[in-house]
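Read the structure below first, then the notes.
The values are calculated or read from the model by the stated rules, or taken from the named source; none is laboratory data. Because the structure is a prediction, the values reported are computed rather than measured. Here the Cβ is made from the backbone with ideal geometry for all residues, glycine too, and neighbour counts use every protein chain on show.
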Amino acid sequence: MAFGNQRNTVTVARTVDRAVIDEGLRAYMLRVYNYMASALALTGVVAYGIAQTPALFNAIYGTPLMWVVMLAPLGLVFLLSARVAKMSVGAAQATFWVFATLMGASLAYIFIIYTETSIARVFFITAGTFGAMSLYGYTTKKDLTGWGSFLMMGLIGIIIASIVNIFLASSAMHFAISVIGVLVFVGLTAYDTQKIKESYAASDSGEVASKKAIMGALRLYLDFINLFLMMLRLFGNRN
């Protein structure tokens, strides 16, 4: 009888622990998505504001400052990836928001090239696609680890092909890069979501969990932005 009671106690304890972990995981993932959504909103507001202010747009895109604005976000990604463990949470958050702001400045040109209606349409298509694939990555029992190397190879191929096409200016290659890019970033959305979920640990301190949430949001933000840009190339209507 005593043994049976002990077994029941252990079972109840494990159930309670699982419930606590699940609640903590949900809160953690919600924090990741909130960071990502806030960063996307900030990027959109900055991009639109610069595009609607000719003097500011020309000050950036009509001068060498354009290259600073274009390259600075990449530098901040490397900085966060390399130094986040040694940063305070406040410094990591500040770097993340500066990154989102600079991304907005670097994307202001899309409002000049494409119609606002098509930008809005592609954004919602991207949001639906991203949401579906992120949900799949979160809920699937399938291990997506095997996707990682394949998707990274595809990403590297896209980067190389894009650089080559700067000189070739081939419309066919441009189309192929966009199609492959959509497939790669759709896959990365599911893959990264699963990896972010797996990175959660109930034992993490508040500071560690906050830094992990920021880095997770950065990964999903980059997946969303790149998926959006690839789709915009395919479905956007030019002015």
Margin query: With the requirement that a residue be of a type in the set (S, T, N, Q) and in a loop (DSSP other than H, G, I, E, B), what does the range 200-223 give you?
Written below: SER203, SER205
Note to self: Would you confirm whether or not the range 148-155 contains a residue that is buried (at least 18 other Cβ atoms within 10 Å of the Cβ), touching a residue at least 60 places away in the same chain (Cβ under 8 Å) and within 16 Å of ARG219 (Cα to Cα)?
What the structure shows: no
Checklist line | Single condition ASN8 does not satisfy, out of (1) over 21 Å from THR193 (Cα atoms); (2) modelled with pLDDT of 90 or more | finding: (2)
Check: Here are some residues: MET1, MET36. Which one is in contact with a Phe, Trp or Tyr (Cβ under 6 Å, 6 or more places away or on another chain) and either at pLDDT 95 or above or exposed (fewer than 12 other Cβ atoms within 10 Å of the Cβ) (or both)?
Finding: MET36
Margin query: Name the residue that is nearest to TYR191 (Cα to Cα), counting only residues in the range 154-167 that are in contact with a helix residue (DSSP H, G or I) (Cβ under 9 Å, 6 or more places away or on another chain) and among the aliphatic types (A, V, I, L, M).
Written below: LEU155
Note to self: Among the listed residues ILE196, ILE163, ILE159, identify the single one that is more than 20 Å from the chain's Cα centre (by Cα), within 28 Å of ALA82 (Cβ to Cβ) and of a type in the set (Val, Ile, Thr).
What the structure shows: ILE163
Checklist line | Exclusive hit being in contact (Cβ under 8 Å) with a residue 24 or more places away in the chain, surrounded by 13 or more Cβ atoms within 10 Å (Cβ to Cβ) and more than 23 Å from ILE112 (Cβ to Cβ), set VAL184, VAL208 | finding: VAL184
Note to self: Anything in the range 209-228 that is aromatic (Phe, Trp, Tyr) and more than 8 Å from the chain's Cα centre (by Cα)? List them, or say none.
What the structure shows: PHE228
Item checked: Matching residues in the range 77-130 - criterion: being in a helix (DSSP H, G or I), loosely packed, with under 13 Cβ neighbours inside 10 Å and of a type in the set (S, T, N, Q) -> SER81, THR117
